[in-house]
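Every read-out reported here was derived from the displayed coordinates using simple, explicitly stated rules and does not represent laboratory data. This is a predicted model, so every value here is computed, not measured. Neighbour counts run over all protein chains shown; Cβ positions are idealised from the backbone, glycine included.
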Amino acid sequence: MIRDDFILSYLILFDFILNAIWLFAADLVYIRMDRLLQRCRIRNQLVRECLAEFLGMYITLIGSGSAAQVVTSEGTHGSYLTIQLGSALGAMFGIFAARGVSGAHLNIVWSMGLCILGRHPWEKLPLYALSHILGAFLGAATVYLQYYDAIQVFSGGELLVAGPSATAEIFCSYPADHLSFWGGLVDQVVATAVLLIGCLALEDRRQGPLPDGLTPVLMGALVLTIELSMGSNCGCPLNPARDLGPRLFTFIAGWGEEVFKAGGDWWWIPTVAPFVGALIGTVIYELLIEAHHRNTPQEEQSPGQELETADKEEVVVDSRNNR
């Protein structure tokens, strides 16, 4: 009995020592991780915004995996609806990822619309565009790696842009057989104009405040609505970087220069036409809605600008405290 009590006492002591070591190690790791994160923290607001835009676009492009699933399974694992759902939900979660840092533009034509309205600085536009293209390129590369085996089996090892075993349409848009040049141009201008009108309406605070976190969901619903009602002509790209980034990837990955020649040099329409549509949509909303609000318009900042202002104020406060 006495021996059993000694054994139990030693076990309790051993357990106590193990717990103490574990807690100490966890504390040490947490402290070091916290210091590491502090060292990795980027102070430059523009760089932080570009990284957020890159990641948001990357997440958005993962949604094209739904197209890969449908195409390579020949429709047995999904349908047109699941492709559009994957695209819209990808956009929604991309917005959730980036909105707290940059406002989650994720579309250079939306950034351009804000610049036209004086809510976003023009000098950030090229860097945002580059971030979007890079995020879209790497997002397409990720989908390709994930579905590499399926694409190879479906296509017989030959990467084609057109035909029954074509797989380039997984990554970027191509016109339907019935679509003319002018039809495709009008399609992209109208669809992007509707997108900008909807985005401006959701961001218009004078229309009434939305609950926190609801805006990305409604943005995703807006994208889904447009794609379901205007997507049969060319897949409804709506976003120059969303189309150009993956197109550049397919050009490099083995589909070749046909990705730029197909559809009568179609590639430039989803790259250029959305800018025209964005300009038209911005002007329409400004003239028909924004200009007629009863209250005197107040200057609004994009979330990225607000965070930049807050960051500057934080630096000023810190400098004062350190005097």
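Of note:
- In this simple spin-label model, placing a label point 7 Å from the Cα along the Cα-to-Cβ direction at both V276 and T82 gives a separation of 3.6 nm.
- Cut-off 12 Å between beta-carbons: net charge of the residues surrounding A166, Lys and Arg +1, Asp and Glu -1: -3
- FRET E, pair I284, L130, Förster distance 25 Å, beta-carbon r, rounded to 0.05: 0.30
- Between the beta carbons of W268 and R43, assuming R0 = 45 Å, the FRET efficiency works out to 0.70 to the nearest 0.05.
- When each of the peptides 50-57, 210-217, 161-168 is scored by how many other beta carbons lie within 10 Å of its residues on average, the order from highest to lowest is 50-57, 161-168, 210-217.
- Total formal charge among the other residues, if their Cβ is under 9 angstrom from that of L200, Lys/Arg +1 and Asp/Glu -1: -4
- Using a simple spin-label model with pseudo-atoms 7 Å out from Cα toward Cβ, A150 and L185 lie 3.7 nm apart.
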